[in-house]
1. Please find the FRET efficiency linking residue 344 to residue 103, where r is the Cβ-Cβ separation and R0 is fixed at 30 Å, and quote it to the nearest 0.05.
2. Please say if the stretch 145-222 is rounded, prolate or oblate, where rounded means a/c under 1.5 for a ≥ b ≥ c the square roots of the C-alpha gyration tensor eigenvalues, and otherwise the choice is prolate for a/b larger than b/c and oblate otherwise?
3. Please report, in whole Å, how far the alpha carbons of the stretch 12-56 spread along each principal axis, starting with the longest.
4. What does the highest-first list of 122-129, 41-48, 289-296 look like by mean Cβ count within 10 Å?
5. I'd like the FRET efficiency for residue 249 and residue 199, computed as 1/(1 + (r/R0)^6) with the beta carbon distance as r and R0 of 22 Å, rounded to 0.05.
6. Given the Cα-Cα distance of residue 231 and residue 155 and 0.36 nm per residue of separation, how much length would full extension add, in nm?
7. What's the percent breakdown of Cα-Cα distances in the stretch 242-332 across 10 Å bins, shortest bin first?
8. Taking 0.36 nm per residue of separation and subtracting the Cα-Cα distance, what length does fully extending residue 90 through residue 241 add?
């Protein structure tokens, strides 16, 4: 159970199911891009979900306690996200030495450091990497661009809401109203920037934070207003089906040539809004997004997202595009690693069993983070002229 300003609120299994769909879209797009050429919109679904959940959490804290505890918020985010991300980065560094040529070691080490510091999106934007067109050799940590945007959001968003809470007190206005105005300004400004920059510099627009922030703000606006929505089952079912249709259409008919994100990103993001606003839908034996398999995948969506892409890159470095059998093997391997990661790393760090476990876990996480950052520094120090070109495959 979670708490809001008025009392307990049940967990939302349909959101976990939606996460399952989102990560499945991304994974299929990366393994079989011809099957779902627009599967990258799964990331946009994640952005809306994150904006919805985090804004709701902070708003409930502000309305219930009259304050926002930054320490409590940031400590939960660190325990939830950092251990698995660092483990995946370390494993990717090891895999790079085994599966990739020496010519790619330096740039991969640099990108690992950028990923550990959650600035990978800006690194890729600076390089103007064509993520969708795949004109550059893919980095095994390239997918950390979206995690970087979310982490930047997690850092800045609570500070903005603290400022909004202070302003509401100074003006004598309801905090929720100030939050709504602030979010609306962020949403509008970021969406305009997304449309403009996508037209002028589409490669960079895909990665930079200010072209994506509106998607998180959209989820935040939903969190502050959805409690007012009341509708019967038929309307809510229609909303959910429309939302699923919007996401599915985007995944099937968008492609690398689509001008994205820009205004077209409204289709999958508004579809996500409709699904979340509709809530859980059960029609007879049809359980909708509450289905067990979707919730299972949704629970492990973070780990699946982290682990699937390095496996795809390592495979692609030595083989052509994955066929049916190879793709199935990659998916099975991803699910197996992700399940272990979820059970023994993500869950353990997220919910340490006792106070005696908290400090060792924190120290271990900090030590691993330092190791990753040092490895990135070593990447900068590598001298290309020392690489024997004859050894590069």
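1. Computed FRET efficiency for residue 344 and residue 103 comes out at 0.30.
2. prolate
3. On the principal axes, the stretch 12-56 reaches 37, 17, 10 Å in Cα extent.
4. Ranking, from highest mean packing down: 41-48, 122-129, 289-296.
5. 0.45
6. Full-extension gain reported as 23.8 nm.
7. Percent of pairs per bin, in order: 13, 29, 39, 18, 2.
8. 50.3 nm
Rule-based calculations on the coordinates, nothing more; no lab input. Small disclaimer: the values here were computed from a predicted structure and weren't measured. When we count neighbours, we look across all protein chains shown, and the Cβ atoms used for this are built from the backbone with ideal geometry, even at glycine.
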